[in-house]
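Below: the structure, in structure tokens.
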There are 2 protein chains.
Amino acid sequence: MEPDVTTLEEIATLAGVSRSTVSRVVNGDPRVSAAARERVEAVISECHYVPNAAARSLASRRTRIIGLLISPSVGVILTDPFFNQLIEGAVRAGNDSDYILTILMETGDSPHTADRIYQRFIRSRHVDGVVILSSVVEDPIVARLQGDNFPFVLIGRHPHHTVNFVDIDNRSAATTAVAHLLQHGYRRIGIITGPANMIASIDRYAGYVNALQEAGRVPDPALTVYSDFTRRGAYRAMSHLLDRASEPPDAMFVASDTMASGVLQALRDQGLRVPEDVAVMGFDGLDEALVSQPILSTVFQPIRELGAEGVRALIELLEHPDSAPIHRFLPYRLQIRRSCGCVEENSACSANPEGGAAASASWARGRA
Amino acid sequence: MEPDVTTLEEIATLAGVSRSTVSRVVNGDPRVSAAARERVEAVISECHYVPNAAARSLASRRTRIIGLLISPSVGVILTDPFFNQLIEGAVRAGNDSDYILTILMETGDSPHTADRIYQRFIRSRHVDGVVILSSVVEDPIVARLQGDNFPFVLIGRHPHHTVNFVDIDNRSAATTAVAHLLQHGYRRIGIITGPANMIASIDRYAGYVNALQEAGRVPDPALTVYSDFTRRGAYRAMSHLLDRASEPPDAMFVASDTMASGVLQALRDQGLRVPEDVAVMGFDGLDEALVSQPILSTVFQPIRELGAEGVRALIELLEHPDSAPIHRFLPYRLQIRRSCGCVEENSACSANPEGGAAASASWARGRA
DNA sequence: TTGTAGGCGTTATCAA
DNA sequence: TTGATAACGCCTACAA
């Protein structure tokens, strides 16, 4: 066997054709005779030839690589299975495409580092576009990418109408969840949501408020806590809330399942029963919720799909640069199990952006 | 302000110098007059000029990008804080260098996909080298990279002497841990280790056997279980072990803290007290171990450092291509807390490749 | 269907 | 210290 050969030129010589022909074969151009193609392919595989990426992108002005940018705000909660599923979905969608997905993680140590990555990876065109995992309000990268007219898609809603994003409708999902609790007859429903600077936190909180208002209630500030999307943070938040509230809540809406597990723990440690003393509704629909005690009622969102859809949207964008902005909402559904007080599980009741929610669980007798 | 300009050439024209000079400025070549440098830098920043990555790598034959390859075997346990720390360490080390670190995740769906990534990312020279997170025995990628003479470093020991790696000495660490349990007087010490095809699992198991043998014991097959490095897997493994064993163990060595938390749970669910009925020794030194009940004695390994050191080793390799193979072992130490039966915590007793272990905890009266 | 030739934006080697 | 001038390896009209 030959020593591995490295250039188009050499392959061309060996196959007795011109560089163009080899290039056409490599790129699947149909305008090549079967005979020539065969010969070229034989030589290519014999020489283990792989086209040089740099030369290719220099000539074609694209890399066929897309980046998944994980911003520092996310880094701290990366252990949440939520992100694993999201990333997994994105990676899978990348595999199913002609692009290669590469992940860029920012630590947030210094703005200088973020700058360097931005320049050397994005502006220098190492990637054709990026999918961004950051739901921080006013993340500066958004303005920057817009300014540079660089293709990107956000996973997580963004208010600016020209920004492409995929998400679920967090506000309406939260409304649905809290409405369900209200139907149980709970009167003091609290909320533990994420950081106040994340859009998802804000939207879920807004949905909570909305549900209460539709029922003619007002949210009690003593029952509202912004936490950090971690189990431990939620544990502390819940303990604190119980200490502080003059009258304890009879139900809690928790903005992530991971936090909900911390809440369940806190309630247990305080000797409170779920759902008899305090009902709990989570958010995300993680498998982990199934092994909680009692099993967690939650809002199921298609996390892997969200990641995959982000990648797909970016690819659409790259291939049709001047189509309309992409604002894609994926369906969610209420996943009724035990922690909300229902006696019968029900995963059939669903909601989506078009339909609206229709919860149809069998109601427990309200509070115990 | 000008519209953003894109090429060296234009900058050269605007600054009234040649392309070469601009290139020198961009690359920090000292052979440029202060005046010229100043002028060029002014134009560059005015035009927001960023050099084109493809052109650069084509001409210089390197990309200044390194890849962190996460193999499919790891993907399933990515939620383990162990990997987050490892990745975080690697990313930080990347930030501190002149390279950009990009993460490649494989899902293991199809060999075709792995192939594609290998060709398009590695062989096509999109990255200068890779750090690999895979400790599966005989991972085919190793042979492949060797065959292609592509620079890489493994995080996790590899038997082949030309393979570069960084790790801790898992075998000796496990020996130290089990020796500690033996000193407590436990007589039926079991082990739950990771998958049988991972080097770390094997090494930790070997260390366990070694410690027993040094004490004149033989391992009891009924007390040995290969699990999967997950909490849930270890929970099941422990429950199963308790069901199966004619006589229960009085101590367990568990090959990861995440698994240890599952073991603690299983013991609790069976009504067994830790450490009175069964002592437990973990592995990793995660913060999570501190919130377990009782707090977990474990083997502390410098996880972030391991990730960082992998990146540093790769960079050394890239800059001194023909230095000797890198086989770097980082220090570990026994982290004595409560679950092993000690009455007094002690994080001072340490061990490292040079020194060997010197456990100096205050011994409890053995078994309760 | 095939080949020719120019260019993609840098770096690197010389010579000045 | 500077500036020409070749590469670098591939793509892509355009012409044949």
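The values are calculated or read from the model by the stated rules, or taken from the named source; none is laboratory data. Bear in mind the structure is a predicted one, so any value in this text is a computation, not a measurement. Ideal geometry is used to build each Cβ from the backbone, glycine not excepted, and the neighbour counts take in all protein chains shown.
All conditions but one from (1) within 12 Å of DNA strand C (Cβ to nearest atom); (2) out of contact with any helix residue (DSSP H, G or I) (no Cβ under 8 Å at 6 or more places or on another chain); (3) within 14 Å of another protein chain (Cβ to nearest Cβ) apply to A:ALA55; the one that does not is (2).
When A:ARG24, A:ARG37, A:ARG31 are checked against the criterion of being part of a loop (DSSP other than H, G, I, E, B), within 12 Å of DNA strand C (Cβ to nearest atom), away from chain B (no Cβ under 13 Å) and closer than 28 Å to A:ILE65 by Cβ, a single residue qualifies: A:ARG31. The residues on offer are A:GLU276, A:GLU288, and the sole one that is at pLDDT 95 or above and either assigned to a loop (DSSP other than H, G, I, E, B) or within 14 Å of another protein chain (Cβ to nearest Cβ) (or both) is A:GLU276. On inspection, B:HIS161 qualifies as surrounded by fewer than 20 Cβ atoms within 10 Å (Cβ to Cβ) and in contact (Cβ under 8 Å) with a residue 12 or more places away in the chain. Residue-level check: of (1) closer than 24 Å to A:VAL343 by Cβ; (2) of a type outside the set (Lys, Arg); (3) more than 27 Å from the chain's Cα centre (by Cα), A:HIS240 misses just (1).
One residue stands out in region B:69-99 among those that are over 15 Å from the mean Cα position of the chain (by Cα) and surrounded by 21 or more Cβ atoms within 10 Å (Cβ to Cβ): the one that is farthest from the other protein chains (Cβ to nearest Cβ), namely B:TYR99.
Which one is nearest to the other protein chains (Cβ to nearest Cβ) among residues in region B:100-114 that are more than 16 Å from the chain's Cα centre (by Cα) and of a type in the set (A, V, I, L, M, F, W, C)? By that ranking, first place goes to B:ILE100. On inspection, A:ARG268 fails the criterion of being within 14 Å of chain B (Cβ to nearest Cβ), surrounded by fewer than 21 Cβ atoms within 10 Å (Cβ to Cβ) and either touching a strand residue (DSSP E or B) at 6+ places or on another chain (Cβ under 8 Å) or closer than 24 Å to A:GLN301 by Cβ (or both).
Scanning region B:12-21 for residues that are near DNA strand D (Cβ under 8 Å from one of its atoms) and either within 16 Å of B:ALA42 (Cβ to Cβ) or part of a helix (DSSP H, G or I) (or both) yields a total of 6.
When you check A:SER339 against the structure, is it without any contact (Cβ under 8 Å) to a residue 60 or more places away in the chain, hydroxyl-bearing (Ser, Thr, Tyr) and assigned to a loop (DSSP other than H, G, I, E, B), yes or no? No: the conditions fail for A:SER339. Against the test of being touching a Lys or Arg at 6+ places or on another chain (Cβ under 9 Å) and either modelled with pLDDT of 95 or more or surrounded by 15 or more Cβ atoms within 10 Å (Cβ to Cβ) (or both), the options A:VAL5, A:VAL43, A:VAL17, A:VAL22 yield a single qualifying residue, A:VAL17.
For A:ARG61, state whether it is within 16 Å of DNA strand C (Cβ to nearest atom) and at the interface with another protein chain (Cβ under 9 Å from one of its Cβ atoms). The answer is yes for A:ARG61. Going by what's in this entry, would B:VAL142 be described as within 15 Å of the chain's Cα centre (by Cα), away from chain A (no Cβ under 14 Å) and β-branched (Val, Ile, Thr)? No.
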